[in-house]
Amino acid sequence: MTSRAHAWLTQVIVAMTAATAAVVHADARGETISFDWFEYTGRDAVFEQPLPSGHYRNPILAGFYPDPSITRAADRFYLVNSTFAFFPGIPVFESRDLVHWTQIGNAIDRPSQLNFAGLGVSRGVFAPTIEHHDGVFYIFNTHVDAGGNYVITARDPAGPWSDPTWLPDLEGGIDPSMFVDEDGRAYVLNNGPPEGPPKYAGHRAIWIQEFDRAALKTKGPRKVLVDGGIDLSRKPIWIEGPHLLMREGWYYLSCAEGGTGPQHSQVILRSRSPWGPFTPGEINPILTQRDLPVERANPVTNAGHADLVQAPDGSWWATFLASRTYGDGHYNTGRETFLLPVTWRDGWPLVLERGKSIPAVVKGPDFMDSGAQSPLSGNFTWRDDFGKPDLDLAWLRLRTAERPWFDLKRTPGVLVIESRDALDRKATPAFLARRQQHLSFDASLSMRTPTSSNVAAGLLLFQDEMHWLLIGVRRKGGALQVFVEKQRGEHTEVVASESIASLESLELKVTGEHRNYSFLFRPNDRDAWRLLKANEDGSTLSSDVAGGFVGAVMGPYVRNE
C-alpha cells in the first residue's frame, strides 16, 4: 500500500469512527424516560397547631419564595418573588385577602426576555419589586451577572409582560423599586455603592433618581439617601431593598439591613421630601429575629426585606422573608414569605416588637376569607398526574435550554423527558423542580425504567450543582440498579445501591425529617416500600451549607451516563 493510499485509508477509518461515536452520542442524548406522576406531602408539626377562626398560618408562601414585594390594585393584592437562575422567573401571585394566594403567571416566561446561560444557581433574577399605577403594572429587577437593572410592564399582571427596558444609570446596584408621588412624579430607588471608596466590607448606600414612566428611563441627578445604614459608626452592612411610601405628609423609607442571614433586619427612616434628609426612627429595627435565643422552639430566622402595603380598610401589613430552621441553623426550605400586621406608633410603623418571635398562627385581616392556604402553606398533599398539555406553574427548570427536552403532549398523562448532561456544569439539566415546602415531607414518583446503560433517571433533590441527593435507577451489567447518590462540595458518592429484577416501571420515594432523609422504592403501589438508605444527612440541601440564596427543590431528573 502506498503512503498516499495508507493516509487515505486512515482518514476514512477516522471519519467512520467519529461518525459512529457521533451516532452513539446522539442516541445517548436522545434517550427518553417516561414519568406517570409526582406526589408531594408536607407534614410539619408546626402546621398542626390549632387554627382559630379568623387566623392564618405563617409562612403564607412556604418554601423557596424569597424577597417578596407586594402592591395593591383596587381590592386585589399582587406579590412577586426572586427566582435567581430558575426559569420561568418571577412568579406573580394574586390575593383578595393577603392570606390566600394563587399564582397567576410568571413575569419572565420567555427565554428571549433574559439570558440565563452559564449563570450560577444563586445569580440571575434578584429581588424584584412590583408596583401598580394608572392601570399599568411595573416590575423593577436586577439580572445579576447578565445585564443589570431593568423594568418590565404589563396591563394584566397575569401577563404577558414586556421585554426588559434596561436602566444603565443603576449600574453596580441591585434591588430597584419605584415610588410615585402625589404630583405624579416617579422615582427609582436602589442599593448601590457608596460615594467614594467603601469604608468597610458590606458598606452600601441607598440612591434615588427621578424616573420617566412614559419613556421608562431614569432622568436627572442621582442622590444618596442613606449611607451605610441607620448608624454608619456601627459599620452596618448591606442596606438594601428600599421602598418609599407616603403617609400623612411624611415620606417613609423602609430598607433591609444586616445581610440576608441571621443578622437580617428591617429599618425605617422618614423625611418631608423624597430627596431627604431622612431621619431614623427611635425604634429600629422594626423587624428582626437576631436577638432571640438559638435554642427556642420552632425557630424562624433571617427576617427582613419587608414591603408594606395598605389594605382597602385602612389597615397596614408587611410581607417579608424569613427562614424556618432546624439543628444548627440549617434551612432546606430556603427563604420564605411571611405576613404580619403593621402598627403605627407616634407616626412610625412597627412590624414586630424587639425580642418577640414571629408567630406561626396570626389573627388575619378583618376581610380575610376562610379556607385552607394549601398548597402554599400548611400541611397538604400535592400531586401532578401530567394530564394537562402544559406544565403546572409549580414546576421550575434550571436556566433555559436551546431546544425542548420534555414533552406532555406525546402521550396524554405521561411526562416524557429526554436525557441531557449531568449536573457538573452550568447548563440546563433535564430536571423539573418543585420547591421543598416543609421540614418533614414525603416525595415520590412513578417512572419507566431505562432500557440501556446510557442513561440514569430518578428523583433529584437539589440545592445547587455541588449540593444534591438523588435516588435513581440505571442499567448496569445488564441488570437494573437502584441507587442513592450524593454530592456535597467536590465529593460525589454512591451511598447505597441494590440490583433488582428487571422491571418496566418503578416507584421511588424520599422521606425527609429535618436533616434525616430516607430513600425507598417499590415496583408499584400494590407492593410495600423497600428501604434503600435510611437517615442520609439532608443538611447537604441547606442554604447555609451550600452558601447560596435559593432553597431546595426536587423532581424528575434524567441524565446521560
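The values are calculated or read from the model by the stated rules, or taken from the named source; none is laboratory data. Just so it is clear, the structure is predicted and the values come from calculations on it, not from any experiment. Cβ sites come from the backbone with ideal geometry, for glycine too, and all protein chains shown count toward neighbours. The protein model used for the area step is the full one, side chains on, heavy atoms only, and it has no ligands, DNA or RNA in it. Shrake-Rupley method; radii C 1.70, N 1.55, O 1.52, S 1.80 Å.
The figures follow:
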| read-out | value |
| --- | --- |
| Criterion violated by Ser444 - all others in (1) under 30 Å from Arg123 (Cα atoms); (2) open to solvent by 20 Å² or more (accessible area, probe 1.4 Å); (3) within 24 Å of the chain's Cα centre (by Cα) satisfied | (2) |
| Which listed residue, of Arg345, Arg335, Arg397, Arg383, is in contact with a His (Cβ under 9 Å, 6 or more places away or on another chain), modelled with pLDDT of 95 or more and among the basic types (Lys, Arg) | Arg335 |
| Test: residue in the range 111-122 that is open to solvent by less than 30 Å² (accessible area, probe 1.4 Å) and not in a loop (DSSP other than H, G, I, E, B) | no |
| Output for the range 132-156, where each listed residue is buried (at least 22 other Cβ atoms within 10 Å of the Cβ) and closer than 22 Å to Asp75 by Cα | Phe137, Tyr138, Ile139 |
| Any hit, the range 521-542, residues being open to solvent by 20 Å² or more (accessible area, probe 1.4 Å), under 18 Å from the mean Cα position of the chain (by Cα) and of a type in the set (Val, Ile, Thr) | no |
| Checking Ser502 against (1) in a loop (DSSP other than H, G, I, E, B); (2) surrounded by 16 or more Cβ atoms within 10 Å (Cβ to Cβ); (3) small (Gly, Ala, Ser), the condition it does not meet | (2) |
| In the range 176-192, the residues that are open to solvent by less than 10 Å² (accessible area, probe 1.4 Å) and aliphatic (A, V, I, L, M) | Met178, Ala186, Val188, Leu189 |
| Pick from the range 381-394, criterion in contact with a strand residue (DSSP E or B) (Cβ under 6 Å, 6 or more places away or on another chain) and not small (Gly, Ala, Ser), ranking: farthest from Asn298 (Cα to Cα) | Phe386 |
| Number of the condition not met by Ala496 [criteria: (1) out of contact with any strand residue (DSSP E or B) (no Cβ under 8 Å at 6 or more places or on another chain); (2) open to solvent by less than 20 Å² (accessible area, probe 1.4 Å)] | (1) |
| Test result for Asp175, free of Cβ contacts under 8 Å to residues at least 12 places away in the same chain and either at negative phi or assigned to a strand (DSSP E or B) (or both) | no |
| Val224 among the β-branched types (Val, Ile, Thr), open to solvent by 20 Å² or more (accessible area, probe 1.4 Å), at pLDDT 95 or above and not in a loop (DSSP other than H, G, I, E, B) | yes |
| Residue in the range 537-547 that is out of contact with any Cys (no Cβ under 7 Å at 6 or more places or on another chain), charged (D, E, K, R), outside any strand (DSSP E or B) and at negative phi present | yes |
| Count - residues of the range 196-218 that are surrounded by 12 or more Cβ atoms within 10 Å (Cβ to Cβ) and without any contact (Cβ under 8 Å) to a residue 24 or more places away in the chain | 1 |
| Exclusive hit being in contact with a Gly (Cβ under 9 Å, 6 or more places away or on another chain) and at pLDDT 95 or above, set Asp442, Asp407 | Asp442 |
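One line per residue, one yes/no per condition, for (1) open to solvent by less than 10 Å² (accessible area, probe 1.4 Å); (2) within 18 Å of Asp346 (Cα to Cα):
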residue	(1), (2)
Gly261	no, no
Ile268	yes, yes
Ser271	yes, yes
Trp275	no, no
Thr279	no, yes
Ile283	no, yes
Arg296	no, no
Ala311	yes, no
Leu321	yes, no
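One line per residue, one yes/no per condition, for (1) acidic (Asp, Glu); (2) part of a strand (DSSP E or B):
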| residue | (1), (2) |
| --- | --- |
| Phe64 | no, no |
| Asp67 | yes, no |
| Arg72 | no, yes |
| Leu79 | no, yes |
| Ser82 | no, no |
| Ile90 | no, yes |
| Glu94 | yes, yes |
| His100 | no, no |
| Ile104 | no, yes |
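The rows are residues; the columns are (1) at pLDDT 95 or above; (2) outside any strand (DSSP E or B); (3) under 20 Å from Leu541 (Cβ atoms).
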site	(1), (2), (3)
Pro412	no, yes, no
Val416	yes, no, no
Asp424	no, yes, yes
Arg434	yes, no, yes
Gln437	yes, yes, yes
Ser452	no, yes, no
Leu459	yes, no, yes
Gly472	yes, no, yes
